[in-house]
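Q: Got a structure for you, questions after.
Nothing in this text is a laboratory measurement; each read-out follows from the coordinates by a stated rule. Bear in mind the structure is a predicted one, so any value in this text is a computation, not a measurement. Cβ: placed from backbone, ideal geometry, glycine included. Neighbour counts: every protein chain shown.
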Amino acid sequence: MEEYLELISDGLYKFRGGKLFIEGVCAEDICREFGTPVYVYSSSYIKRQIEKLRSAFKTACPLICYSMKANGNMSILNLIRKAGCGIDIVSAGELAKALRVGFSAEKIVFAGVGKTKQEIVDGLTANIFLFTVESVEELKTIQQIARQLKKIASVSLRINLDIDVDTHHYTKTSKKETKFGMPVEQVGSIIRSREKFSYIDVKGIHFHLGSNIKISGVYVQALERLKDFLKELNFMPSVIDIGGGFGIHYRKEHLEKIESFGKNICNCFLKNFSGSTMIIEPGRFIVGNSGILLTTVIYNKRTPHRNFLIVDSGMNDLIRPALYNSYHEIVPVKKKDCCTVYDIVGPVCETGDFLGKDRMLPADLKPGDFLAVMSAGAYGFSMSSNYNGRPRAAEVIVSGDTVKCCRRRETIQDLWKLEKTL
Ligand code: LLP
């Protein structure tokens, strides 16, 4: 257990005197003070991850644009902004949040296959750094709107390099069948005819291969492919955005260390694109293992077939196990012998509502005991919902010995505050 915690959290999550601590704060105390379900984030972990990225990629010195979709809590965004990062957004909502937190427009990149006209207007008005263009149709729309607003839109063209990556089917984004980016030929023809787009400045090329990628090889493959393609066109963009997707440990799976991950990508980049600026868009890598979800056992339900721990968090709080069959380690906040096999399930009325299956946990867990669902900082709260009439969890941030609430728990009244009984 100790070894595993060290691996995922760089020592920021630890058992001390048999109790789980996040930095200097005891998990059990958080449960009692803030109630459960509650998301807990370690601020030091986030800062360290950014430093690790900087150091691993130091030879190319990229602009780090944190991918807000992984975790859009404004306190976390502010921490990341203060660490000098830019931001990768995908909607008007994320744009407004980024601006509100104080990200400067020249560090905002705007991706997404379905930007509406209003979203394009918002981005242009805010003078964002780059629109990541995902289709010819979108490029034409941006040109039209930029002309009306008398502004030049800076864009990067998202290329779909048809590269397969070893990750869940739903999070592969660079195979030709996926909706993302444009095929090589279309990008080529845009570049050749870019003079026609008088209100567009094609500054960059973007690719994003997928999420939770464990090795650097596919990025190197993508960069090599891109080099050949651009050479043929005789076009050297000033920006190359290699997207995000850098993997993290959820368990002791094989994962290339970030030092060599960054070094391999940078070496290839500098060999082929030494005059261009690199952008990276990590989400999960920065926040994934900063966070856990603390939950309370409601029932220890035994049947002749299975042992169930029914807890007060479900797929509405953390959908990753239900949606991708993702593995999240589950540990008791008080260290005990783990000798009974359980399915850890939520209260939601769906068979797919589970947090973990076939897990060894203490035999005597009883109602009121607390469990920690690990590696929940990315795509945890940000994908949560009110399904089954369940108010969303609270979020707290730990920094050394202090813990502060950064999003209050939703109340029952919050559930209907936007509705009308007609
Ligand atoms: N850039 C672009 C254009 C993206 O689409 C994404 C993620 C990222 C960056 C950040 O990827 P990351 O570094 O976090 O892997 N809900 C899924 C992950 C979906 C990722 C979507 N795009 C999950 O829980 O695994």
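Q: Taking all pairs of distinct Cα atoms, average 1/r, flip it, and tell me the Kirkwood hydrodynamic radius of the range 111-282 in Å to one decimal place. Don't skip to the answer; put the middle values down first.
A: Working: mean 1/r = 0.0600 Å⁻¹.
Taking the inverse mean of 1/r over all distinct Cα pairs, the range 111-282 comes out at 16.7 Å.
Q: Run lengths n ≥ 4 of DSSP H only: what is the helix-derived mean residue ellipticity at 222 nm for the chain, with -39500 (n - 2.57) per run over all residues, to the nearest 500?
A: Working: 12 runs with 124 residues, N = 422.
Computed ellipticity for the chain at 222 nm equals -8500 deg cm²/dmol.
Q: Calculate, in whole percent, how much of the Cα-Cα pair population of the range 23-101 lies beyond 19 Å.
A: Cα-Cα pairs in the range 23-101 separated by more than 19 Å: 47 percent.
Q: To continue, here is another question. For the range 399-411, what does the Karplus curve 6.51 cos²θ - 1.76 cosθ + 1.60, with θ = phi - 60°, yield as ³J(HN,Hα) per residue in whole Hz, taken in order and with x for Gly and Pro?
A: 9, x, 9, 10, 9, 10, 6, 10, 7, 5, 4, 5, 9
Q: Going by amide H atoms built from the backbone, whose H comes under 5 Å of the H on ALA153, apart from near neighbours?
A: The list, which skips near neighbours in sequence, is ILE200, ASP201.
Q: Can you give me the C-alpha center-to-center distance between the range 94-157 and the range 344-359, rounded to a whole angstrom?
A: 40 Å
Q: Taking a spot 7 Å from the Cα of ASN386 along the direction of its beta carbon, which residues of the range 407-422 have an amide N less than 11 Å from it?
A: The answer is 410-420.
Q: Now, a different point. What are the chymotrypsin sites (Phe, Trp or Tyr not before Pro) within the range 149-255 that DSSP puts in a loop, where the Cβ has at most 16 other Cβ atoms within 10 Å? Intermediate results must be reported in sequence, preceding the final value.
A: Working: sites: TYR170, PHE180, PHE197, TYR199, PHE207, TYR219, PHE229, PHE235, PHE246, TYR250; in loops: PHE180, PHE197, TYR199, PHE207, PHE235, TYR250.
Counting only loop positions with at most 16 other Cβ atoms within 10 Å, the chymotrypsin sites (Phe, Trp or Tyr not before Pro) in the range 149-255 are PHE235.
Q: Normalised by the residues of the range 289-422, what does the relative contact order come to in percent, with Cα pairs under 8 Å and at least six apart?
A: Working: 274 pairs, mean separation 37.3, N = 134.
Computed over the range 289-422, the figure is 28 percent.
Q: Next question. In the range 165-233, what GluC sites (Glu not before Pro) fall in a loop by DSSP, with at most 14 other Cβ atoms inside 10 Å? Write out the running numbers ahead of the final one.
A: Details: sites: GLU177, GLU185, GLU195, GLU224, GLU232; in loops: GLU177.
For GluC sites (Glu not before Pro) across the range 165-233 that sit outside H, G, I, E and B with at most 14 neighbouring Cβ atoms in 10 Å, the list reads GLU177.
Q: Still on this model: Using Cα pairs under 8 angstrom and six or more residues apart, how large is the relative contact order of the chain, in percent? Could the numbers behind the result be given before it?
A: On the way: 919 pairs, mean separation 85.5, N = 422.
Contact order relative to length: 20 percent.
Q: Give the calculated FRET efficiency between ALA126 and LYS417 to the nearest 0.05, with a Förster radius of 41 Å applied to their Cβ-Cβ distance.
A: On the way: r = 29 Å, r/R0 = 0.70.
Efficiency for this residue pair is about 0.90.
Q: So, one more: Can you tell me the order of 338-348, 390-400 when each peptide is scored by its average per-residue count of other Cβ atoms within 10 angstrom, highest first? Walk me through the intermediate numbers first.
A: Details: 338-348: 18.8, 390-400: 20.5.
Averaged packing, sorted descending, gives the order 390-400, 338-348.
Q: Counting only pairs 8 or more places apart or on different chains, how many lysine pairs in the range 147-241 have C-alpha atoms closer than 19 Å?
A: Close lysine pairs found across the range 147-241: 10.
Q: Work out how much length THR402 to LYS58 would gain on full extension: take 0.36 nm times their residue separation and subtract the Cα-Cα distance, in nm to one decimal. Mind dumping the intermediate values first?
A: On the way: separation 344, 0.36 × 344 = 123.84 nm, distance 3.20 nm.
Extra length available between THR402 and LYS58 comes to 120.6 nm.
Q: Let me know the shape class of the range 349-422, please: from the alpha-carbon gyration tensor, a ≥ b ≥ c as square roots of the eigenvalues, rounded when a/c is under 1.5, otherwise prolate if a/b is greater than b/c, or oblate.
A: Values: a/c = 2.06, a/b = 1.28, b/c = 1.61.
In terms of gyration-tensor shape, oblate.
Q: Scan the range 229-263 for trypsin sites (Lys or Arg not before Pro) in coil per DSSP, keeping those whose Cβ has at most 14 other Cβ atoms within 10 Å, and list them by number. Walk me through the numbers on the way to the answer.
A: Working: sites: LYS231, ARG251, LYS252, LYS257, LYS263; in loops: ARG251, LYS252, LYS257.
Counting only loop positions with at most 14 other Cβ atoms within 10 Å, the trypsin sites (Lys or Arg not before Pro) in the range 229-263 are ARG251, LYS252, LYS257.
Q: Another one. Give the aspartates and glutamates reachable from LYS52 as a straight Cα distance under 12 Å; neighbours fewer than 8 places away on the same chain don't count.
A: Within reach: ASP10, GLU259.
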